[in-house]
Amino acid sequence: MRNGLRTAVLGAVLVLATACGSAGAPVDPAPVGEVAPPLPANVGGADNAGGGGTTDTSCNPLASLRPTSGTSITSGSTMAKIKEKGKLVAGVDQTTFLFGFRNPTSGQLEGFDIDMVNEIAKAIFGSAEGRVQFRAIPSKLREDVLEKKQVDIVVRTYSITCSRLKKVNFSTAYYQAGQRILVESGSKVANLSDLGGRRVCATKTSTSLTKIAADPSKPVPVSVDNWSDCLVMLQQKQVEAVSTDDVILAGMLAQDPTLKIVGSRFTEENYGIGIPKENEDMVRFVNAVLENVRGGAWQTSYAKWIGSKLEGGTPPPAQYK
């Protein structure tokens, strides 16, 4: 009886196996090369340009408020309130190698911009250790977080423009960069005019995207949230070039030496520290900190992060109203 039951079960299994295989020979999956790589999140176009306001010449954007009391902190000031709450809240980047990025080994934020934040924290608290709350933000939210006072400062490769000064305040310029082009090493592109009709990547509301969208050669602007998205799209051949400040491109090149930076600078980008519009005492305080930073800490940070990647190495002189 038991042997008969086994025979029946084995027979049923053979029938099922035969039925499953009767649909035909298996089909080979499509080669991996034929599968389009996914796009980064929130990819857009030229409709995300304009936020940088590079065409507004109604002011001298580099003229900031003069320091009046050094780095001393007076009662009731913005700095005193920050000291009382125990943290300096800073809007920064975590995706731009050399300026603001997360170290994959330590998990800590590092870079030239991060060093500038720490110098401000030292001036307020005496030490930056445990005194900074970093908030990673995309470039398109820089004005937004300042206007809503969700951060005390924004230090994020933030170009000073007249358009932006209508919404927020800026320190004096602490770094000067210039827009150039990043392409594959075999590309024949030499300047922006060679990219007419081709896809060029930049971040949303950046001065870089504004410049691409306005160029007479009519490149096709591709806008993303973060510069790391541009690097990925270039590597995946979803764009033909990335165009932004040379120091940001230098960070991308350091991560992928199969690329190259071409052409000379065709814009001048002066990075300032963004501060809420009404906090003028904070502007004067930060400018006093930057006066001190230009005397030594600036050069130390530059040598650590940028010196071997780009020519130059001197801080821009302060301009005051």
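The values are calculated or read from the model by the stated rules, or taken from the named source; none is laboratory data. What you are looking at is a predicted structure, and each value in this text was computed from that prediction instead of being measured. Neighbour counts are summed over all protein chains in view; Cβ atoms, including those assigned to glycine, are modelled from backbone coordinates with ideal geometry. Note: areas computed on protein heavy atoms with side chains; ligands, DNA, RNA excluded. Shrake-Rupley method; radii C 1.70, N 1.55, O 1.52, S 1.80 Å.
Filtered by the rule that a residue be closer than 30 Å to Q108 by Cβ and among the hydroxyl-bearing types (S, T, Y), region 73-97 gives S77, T78, T95, T96. Search region 163-192 for residues being basic (K, R) and not in a strand (DSSP E or B), and hand back the single one that is farthest from D281 (Cα to Cα). The selected residue is K188.
Quick one: which strands (runs of 3 or more DSSP E) sit completely within region 193-284 and have at least 1 residues that are more than 29 Å from T57 (Cα to Cα) and open to solvent by 20 Å² or more (accessible area, probe 1.4 Å)? Filter on region 193-284 gives 259-262.
Please go through region 99-132 and pick out each residue that is assigned to a loop (DSSP other than H, G, I, E, B), under 18 Å from G86 (Cα atoms) and open to solvent by 30 Å² or more (accessible area, probe 1.4 Å).
G126, S127, E129, G130, R131
Pairs linking a residue in region 90-108 that is without any contact (Cβ under 8 Å) to a residue 40 or more places away in the chain to a residue that is assigned to a strand (DSSP E or B) and open to solvent by less than 30 Å² (accessible area, probe 1.4 Å), with Cβ atoms under 7 Å and 6 or more positions apart or on different chains, are R102/L109.
Set side by side, the residues T207, T172 differ, and just one is among the hydroxyl-bearing types (S, T, Y) and under 17 Å from the mean Cα position of the chain (by Cα), which is T207. Checking S75, S69 one by one, the residue that is without any contact (Cβ under 8 Å) to a residue 12 or more places away in the chain and either part of a strand (DSSP E or B) or polar (S, T, N, Q) (or both) is S75 and no other.
Let's see how each residue does on (1) of a type in the set (F, W, Y); (2) within 22 Å of V224 (Cα to Cα); (3) in contact with a strand residue (DSSP E or B) (Cβ under 6 Å, 6 or more places away or on another chain):
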position	(1), (2), (3)
T95	no, yes, no
L109	no, yes, yes
F112	yes, no, no
D115	no, no, no
S127	no, no, no
G130	no, no, no
I137	no, yes, yes
V145	no, yes, yes
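When K81 is tested against the conditions (1) free of Cβ contacts under 8 Å to residues at least 12 places away in the same chain; (2) in a helix (DSSP H, G or I); (3) open to solvent by less than 40 Å² (accessible area, probe 1.4 Å), the lone failure is (3). When we screen T68, T74, T95 for residues that are modelled with pLDDT under 95, in contact with a Phe, Trp or Tyr (Cβ under 7 Å, 6 or more places away or on another chain) and surrounded by fewer than 22 Cβ atoms within 10 Å (Cβ to Cβ), the only hit is T95. In region 137-189, of all residues being open to solvent by less than 50 Å² (accessible area, probe 1.4 Å) and small (G, A, S), the one that is nearest to Q108 (Cα to Cα) corresponds to S139.
A search for C-beta distances below 6 Å between a residue of region 214-229 that is touching a residue at least 40 places away in the same chain (Cβ under 8 Å) and over 18 Å from P37 (Cα atoms) and any residue that is charged (D, E, K, R) and surrounded by 17 or more Cβ atoms within 10 Å (Cβ to Cβ), counting only pairs 6+ apart in sequence or on different chains, returns V220/R199. Would you please list the contacts, defined by Cβ atoms under 7 Å and residues six or more apart or on different chains, that run from a residue in region 147-161 that is on the phi > 0 side of the Ramachandran plot to a residue that is buried (at least 24 other Cβ atoms within 10 Å of the Cβ)? That search, which allows pairs on different chains as well, returns T157/D93; T157/T96; T157/F99; T157/D113; T157/D245; T157/I248; T157/Y271.
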